[in-house]
Amino acid sequence: MDSKQERELHKNAKELINQISVVLRTSQIHDTNNVALASAISRLVAMINTLVSQENILVLELRGEFFYINEYRIRYSLEYLLNFDFMVREFKKRELGNITFKGQIRSDDIKRFIKAFVDASFSQEPFNTIQEEMTNVRNIDVGVLKKVVEDESLDVRKMVKKTYFNAVSFTQGVINKIKSGEKVNIKKAKRVVESMVDQILEEEQLLLGMTAIKDYDEYTYHHSVNVSILTIALGQRLGMSRRLLTELGMVSLFHDIGKMDIPSEVLNKPSNFTDDEWNIIRKHPVWGLKAILKLKKFDDLTIKSAIVAFEHHMNFDLTGYPKARKKINIDLYSRIVSVADQYDAMTSARVYSRTPLSPDKALSIMMERAGTQLDPLVFKFFTNMVGVYPIGTLVMLDTRELGLVCESNQLFPNRPRVMIIVNETGNRIKGTIVDLTEKNEKDQHVRSIRKTLDPNKYNINLAEYLL
Amino acid sequence: MEINEDFKAARDIVQAILKSKKIIRMYPANNPIYVKTLEDSYARFTDYFDYRQDLVFKIKQNEITWDSEPVYANPEKEDNLALFFFKDGLRELTFKRGLTSEEMEDFLKIISMDFEREVVDDDIVTLLWERDFQSIQYIADDAILADEDNYQDRAIQEAEENANSPDNILKAYQDAFDEQDVASDTSIVPLSDADLQQLMQLLDQESHGKTEKLVDLLFELPYLSETRTDYEELTTFFMNSAEFIMQRGDLAIMNSMLLRLSSLISEPHIDGEIKNYFRRVISYAGNGTIINLLGELLDSGQEIEDKVVEEYVKHLDKNAIPPFMNILGELESIHARKVVIDALIFLGPKDITSLAKGLNDPRWFVVRNIIYIFRKIADKRAVEFLLRTVRHADIRVRKEVIRALGELGGGGVFQTLRECLEDQDMQIRSASLRALGTVASEAAKRIIMDKIAEKAFKDVDFDEKKEYFEVLSKWKDEEIFTFLVGMLKRKSFLFSSAKMDEIRACSAYALGLVGNRDALPYLTKTKGDSCKLVREFSFTAIKRLEHG
């Protein structure tokens, strides 16, 4: 297949997923005899048959948060974002992992599938319901959603850790090199960020989990990497391509580079800053711009990085610092970095602010700032990404269990996956992960969050659990 | 396919890769050798995939293996394919069935790039990653990215040492029952279509270049700068921006930047020393590197409005003259050269001496262009430089300089023009004669009259004689009238009567051009002259005088 055909298949595949979503959504409102639904079904049948005639067989599969068609991963597309999200949610709800179209299909086949799909939502065993109802539909097979194998998960976790620590170590090296006047290897920086982009695309939650651990000594380096990870994840939510995600990851990795010029006695001062010290701190965006422009010959990436370094403390309403004489339209990248930067800083113990906020508390404060300090649209995407209970939130469950949020759920933001650290009898345990979307036979959730607690108040070391 | 055959096929593919790598560097894509080599390489892949799904190569420092068997080994540092992959961390390369010829070509192009050159900002892994092949996979060792070998272990150990005591966790557990319920007050607002629309607009804006934005930020820096070093750095940033802007061909942004710098220079409240930094930037905007880039841009065929270039040139100072002269001889398109000539016409008066250095250029056409520029500038100070070029080896240059001398005039030019009237080359004599006509002074007139009056003048070729009289007729004064009438009435001698008749005929012709009707009686008389040439020229002159 040449790249033109590849592009064509990718485009058709995106449209196919979108059309399935349109059909399923419409079927929630109308019955299958409705004209609008019938027309949508006809279109879907035509699309499927065209693709089947080209490819012989068409397998639509959900893996993690992404759809694959005949093994090609269908990338996030902004125009179809809501429909893609809907599909992911509905497939997961029914434990439906894949649909295989084996030959030319008819409208009636699709109508049978729609009925099975709708019926499954009322069933205790939704996938079995779909499978049973589809038994007699010759050209359509369905498969159950595959669970991640534990061993694989361990390997992946190892890789994610490696990526994260490589990135921090690299960042530390870059800063040291710049300080000592050595040349910085931008090629390596790109590799670091590309690894993070890959991990975000494949294992977003694990890498985001790494950003929740805040107990390292070298705050600045971890903060730079955390912001880079958060922005890449957010960029992905915004539908950015891999190339743009790399660019965004790069600019955010260097957003605080100006801080290296702040005298260490100021930066590491354990007590509150004086006005003069604040004045020095407030210069780091300008110093950052300069440091980046001195780093290498100008190119698009250098310029974008310099802009973000300069603007990341300029607020959405143009308050903040540095103060510009002319009205500046703050770049989208700067607005994204600003959100990620605030979130990571607020939830971290810094030398000049020893008490970090719990993730949910930080989010709540940031919500008040949306529209003034923060771009409300970017922040909206951010909250949709991290959920009501971001990773690292300490939660008490209605089952009298105490746990840490280890994975957010983008489809059900208030039902994350939680690592139980104290069981219902008050004994400390380690590592049992529960999914708050789990339901009992009465269709009631097995566990729900009763309250959140501040992990910092109890000096709870997230690294012990999340690493 | 047997294992041995598989091994051989894998080894042949490595050889094909090596060969293609060389060919791609040597030939353009439309060259038959290039095309044939790639076809052969692709055939090796497709043969292999007839029987197998994947082709996996493991990469070591000096060796590439297939199925644990070495298919390539090279202990040298130069031209070592294994090392070439290995040094960027590439440890395994897999080609899958379904590999397209386009994918193979893209892969080969990537590995054929000159990674030693500074301009390539990506290593091989990044380029493979960006291309995102469907049928080529790789495993890269990212350990080379870490600055400190044991950073991960150290960081994890740190975290373990900080491990919390069970008491704290149990305290939290107890408190959870004591404290009031605190529900998170964060509510997630689902994304809407309007959000997506707004986002798409933002992303669209984001896709535009950011150079203008950077320039805007740089103009904030003067107000955030305090020390001399700050201004030195700012100056460098502006200079680098200027270079980048020209690389991109964003002349409008360049003009805006230079205009804003000029405005700052004219601000009365800004310190003179700071203004000097800005002046340095403006001067830099016309340096060799930037003007070379402009040259490339002009020659690229990209549509650029002449007005925008003119505006750019208006900002430049005299330092831009030498670089502009340098590219003048390099440019290929006529339009590009015209733009540069116009630029030099504008800049030249700022430093005539600098411009005059172009007269020493070894390329005749550059010298001729510079002379043309001097003509357009019309500054008499140029005469002293132009006079040195009159003896140039190329006649085209000589003609141009004589023309320029005529246009510029001044006392200094007569001696040279007079000498040129004696030149062996008819074109030079003609040019200097016309130049004297252009000068149109009494001295010039005298030179021509004297020349005609010379005894030897009768031996001059008829056309040249005619040209003399034609030029002389530009002076329409009494002296010329009398001189011409005198020449017309001149008697011819037996041995030179034909040559004298030519002079008389030319005088008749010139009287017609002068336009003084007082000449009619003389011409009416010579209309019946025994010499046919005199008769015809007299007749023509009468007609011109009578009918205009």
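List of remarks:
- Lys/Arg +1, Asp/Glu -1 at C-beta; the protein assembly as shown dipole; positive extreme among A:Ile232, B:Ile265, B:Leu433: B:Leu433
- Site pair B:Ile334 and A:Ile433 shows an inter-label distance of 7.3 nm when each label is modelled 7 Å from Cα along Cα→Cβ.
- For segment B:345-355, 3J(HN,Hα) per residue [Karplus equation, 6.51 cos²θ - 1.76 cosθ + 1.60, θ = phi - 60°, Hz, x = Gly/Pro]: 4, 6, 7, x, x, 6, 7, 4, 4, 4, 5
- Residues B:Phe115 and B:His547, FRET efficiency given R0 of 60 Å [Cβ-Cβ distance, rounded to 0.05]: 0.15
- Each other residue within a Cβ distance under 11 Å of B:Glu422 adds +1 if Lys or Arg and -1 if Asp or Glu, for a net charge of -1.
- Principal axis box of segment B:3-145, alpha-carbon based, largest edge first, Å: 40, 37, 30
- With the convex hull drawn over the C-alpha atoms of segment A:311-362, the volume per residue is 83 Å³.
- All Cα pairs of the protein assembly as shown, percent lying beyond 54 Å: 40
- When only Cα pairs below 8 angstrom with a gap of at least 6 residues are kept, segment B:20-96 shows a relative contact order of 25 percent.
- Near B:Asn80, no amide H atom lies under 5 Å from its own; only residues 5 or more places off or on other chains count, and H is placed 1.01 Å from N.
- Sparsely packed loop sites in segment B:1-48 (the GluC sites (Glu not before Pro) outside DSSP H, G, I, E and B with at most 14 other Cβ atoms within 10 Å) comprise B:Glu2.
- Backbone phi angles across segment B:461-476, fed through the Karplus curve with coefficients 6.51, -1.76 and 1.60 (θ = phi - 60°), yield HN-Hα couplings of 3, 4, 4, 5, 4, 4, 5, 4, 5, 4, 5, 4, 5, 5, 7, 9 Hz in residue order; Gly and Pro are listed as x.
- Cβ-derived FRET efficiency at R0 35 Å, A:Asp276 paired with A:Val184, nearest 0.05: 0.70
- The mean sequence distance of close C-alpha pairs (under 8 Å, at least 6 residues apart), as a share of the length of chain B, puts its relative contact order at 5 percent.
- Per DSSP, loop chymotrypsin sites (Phe, Trp or Tyr not before Pro) in segment B:461-517 with at most 16 further Cβ within 10 Å: B:Phe493
- In range of the label at B:Ser262: residues from segment B:296-334 whose backbone nitrogen is under 20 Å from the point 7 Å along Cα→Cβ: B:305-324
- Rounded to the nearest 500, the helix-only mean residue ellipticity at 222 nm of chain A stands at -17000 deg cm²/dmol, with each DSSP H run of n ≥ 4 adding -39,500 (n - 2.57).
- Taking amide H atoms as placed 1.01 Å from N in the peptide plane, the amide H of A:Tyr321 lies under 5 Å from those of A:Met314, A:Asn315, each 5 or more residues away in sequence or on another chain.
- Candidate lysines - alpha carbon under 28 Å from A:Lys93, same-chain residues fewer than 8 apart omitted: A:Lys11, A:Lys14, A:Lys102, A:Lys111, A:Lys115, A:Lys146, A:Lys147, A:Lys380, A:Lys439, A:Lys442, A:Lys451
- Cβ-to-Cβ counts within 10 Å put A:Ile303, B:Ile144, B:Ile341 in ascending order as B:Ile144, B:Ile341, A:Ile303, the fewest first.
- Here the calculated FRET efficiency for B:Lys455 and B:Phe365, from their Cβ-Cβ distance with R0 = 35 Å, stands at 0.30, rounded to the nearest 0.05.
- Residue order, fewest to most surrounding Cβ atoms within 10 angstrom, among A:Ile74, B:Ile395: B:Ile395, A:Ile74
- Separation of the A:Asp300 and B:Ser68 label points, Cα + 7 Å toward Cβ, nm: 4.7
- For the listed residue pairs A:Lys158/A:Lys290; B:Lys22/B:Lys96; B:Lys380/B:Lys445, the alpha carbons are over 27 angstrom apart in A:Lys158/A:Lys290.
- Segment A:441-455 residues near the modelled A:Glu424 label - backbone nitrogen below 12 Å, point 7 Å along Cα→Cβ: A:446-448
- Once the Cα-Cα distance is subtracted from the 0.36 nm per residue extended length, the A:Val446 to A:Asp141 segment shows a gain of 106.6 nm.
- Gain in span if fully extended, B:Arg490 to B:Ile144, counting 0.36 nm per residue against the direct Cα distance: 114.4 nm
- For segment B:138-155, backbone phi angles converted through the Karplus equation (6.51, -1.76, 1.60; θ = phi - 60°) give residue-by-residue couplings of 8, 10, 10, 8, 7, 4, 5, 7, 5, 7, 10, 4, 9, 4, 4, 4, 5, 5 Hz, Gly and Pro being listed as x.
- Label-point separation in nm, B:Glu464 to B:Ala252, each point 7 Å along Cα→Cβ: 5.9
- Packing-based order for B:278-289, A:308-319, using average beta carbon neighbours within 10 Å, highest first: A:308-319, B:278-289
- Taking amide H as placed 1.01 Å from N in the peptide plane, B:Val71 has its amide H under 5 Å from the amide H of B:Ile64, B:Thr65, B:Trp66, each at least 5 places away in sequence or on another chain.
- Local electrostatic count at B:Gln247 - Lys and Arg +1, Asp and Glu -1, tallied over other residues with Cβ under 13 Å: -3
- Selection from A:Ser334, A:Leu318, A:Val308 lying farthest towards where the dipole of segment A:302-341 points positive, charges on Cβ: A:Leu318
- Extension gain (nm, one decimal) between B:Lys87 and B:Glu478, 0.36 nm per residue minus Cα-Cα: 131.5 nm
- Computed [θ] at 222 nm, helices only, for chain B once each DSSP H run of length n ≥ 4 contributes -39500 (n - 2.57): -19500 deg cm²/dmol
- Cβ-to-Cβ counts within 10 Å put B:His547, A:His255 in ascending order as B:His547, A:His255, the fewest first.
Each reported figure results from applying straightforward, stated rules to the coordinates on display, with no laboratory input. Since this is a predicted model, take the numbers as computed values, not measurements. In this analysis, Cβ positions are derived from the backbone assuming ideal geometry, glycine residues included, and neighbour counts consider all displayed protein chains.
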